[in-house]
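First up is the structure itself, then whatever we jot down about it.
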Amino acid sequence: MSDLVTGDAVVLGLRPARLPSRGLAILLDLAVYVTGYVLISVGLTMATASLDLAAQAAVAVASFLLFLVGVPIAVETLSHGRSLGKLACGLRVVRDDGGPIRFRHALVRGAMGIVELILTFGSIACIASLVSARGRRLGDVFAGTLVVRERVPGTRVMPVPPPPPWLAGRFTGLDLSAVPDGLWLAIRQYLTRMNQLDPQVGAAMAVRLADDLVARTGAPPPAGVPAAAFLMAVVHERQTRDAARAFRSSAAGPGAGFAPAPATAPMSGPMSGPMPVVAPVPHVAPAPVAPVPPVEAPRAGGFAPPA
């Protein structure tokens, strides 16, 4: 499991990609790029047949750098680390901190890829990936990036730790309608994995998530409450509300809220239409009443009698 940490804690569950999946993604990318390079080279050769050899060599070098270096850099920059091969294999390039890559990261990866993947036929990249603990090649090391797996097998859902007893029930009046689902997911993933994080990093993430939650609810946490404990208490309050709403809807049932219509019987006479049939009320003997003792007049004093 990767130790990546992001601001929204979403990428914590991603795993670094290993050599087989990365090699397959690179082969798919190279197949697409080489096919495009060959087609464009044939067209350029026919278009520059009337030029001298120096001009043809310059056009060939420019097309080589454009399609085998410039296009991969542009694709990774615009797609935030998802090339065609990586998209097919469920991989993605991210920064060391888990954020999306930018142009400088893609530029370093592409420049190192000329040596690692093209000039040495991938031998240096394979050796570096096997030696690295997270399967990184030299381009990833110099660029500060990492290739991770986006499609991972489903795992058991970890329960959210309960809040401290002195915080239970203190946020019953908090308005949680403006909190988006993405923020709930980030808070839940942080709470289920906060024991696996570095203490300083986990504390900073808790403060950031608590600030986002306060901005959505409009009510700051009580003074002296830690950010992680505040997140636990608010998540516990939301789960309590969801459970109460689910139990209330299931107890009501599909026919709840509708009373049966009273039985009616036809009535003969000048009036037409059904009239309700009233069941006879049985005679109930009144219960004996105990004699009431006389009430004395209240004495004067400084207390008013109870109403």
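Every number here is computed from the coordinates shown, using simple stated rules; none is lab data. Everything numeric here is computed off the predicted structure, so don't read it as measured data. Cβ sites come from the backbone with ideal geometry, for glycine too, and all protein chains shown count toward neighbours.
Highest mean first, the peptides 78-87, 41-50 sorted by other C-beta atoms within 10 Å per residue fall in the order 78-87, 41-50. Computed from backbone phi, the HN-Hα couplings of the stretch 97-106 come to 8, x, x, x, 7, 10, 5, 5, 5, 5 Hz, rounded to whole numbers (Karplus: 6.51 cos²θ - 1.76 cosθ + 1.60, θ = phi - 60°; Gly and Pro given as x). Of the peptides 120-131, 65-76, the ranking by mean beta-carbon count within 10 Å, highest at the top, reads 65-76, 120-131. Remark: the stretch 60-74, residue by residue, has Karplus-estimated 3J(HN,Hα) of 5, 5, 5, 5, 5, 5, 5, 8, 9, 10, x, 5, x, 5, 5 Hz, where x stands for each Gly or Pro and the curve is 6.51 cos²θ - 1.76 cosθ + 1.60 at θ = phi - 60°. Each residue of the stretch 76-85 was assigned a 3J(HN,Hα) from its phi angle through the Karplus expression (A = 6.51, B = -1.76, C = 1.60, θ = phi - 60°), giving 5, 6, 6, 8, 6, x, 10, 8, 5, x Hz with x at Gly and Pro. Residues whose amide H falls under 5 Å from that of Ala17, counting only those 5 or more places apart or on a different chain, are Val147, Val148, Arg149, with hydrogens built in the peptide plane.
Thr145 sits among other residues whose Cβ lies under 9 Å from its own Cβ, and their net charge, with Lys and Arg +1 and Asp and Glu -1, is +1. Restricted to Cα atoms, the stretch 80-141 shows a radius of gyration and a Dmax of 11.6, 30 angstrom. Sorting 187-194, 164-171 by their mean Cβ neighbour count within 10 Å, with the most densely packed peptide first, gives 187-194, 164-171. Only Lys, Arg, Asp and Glu carry charge here, each on its Cβ (+1 for the first two, -1 for the last two); on that basis the stretch 1-147 has a dipole of about 340 debye about its Cα centre. Near the amide H of Leu91, within less than 5 Å, lie the amide hydrogens of Glu150, all on another chain or at least 5 residues away, with H placed in the peptide plane. About the centre of its Cα atoms, the stretch 85-223 shows a dipole size close to 360 debye [charges on the beta carbon of Lys, Arg (+1) and Asp, Glu (-1) only; nearest 20 debye].
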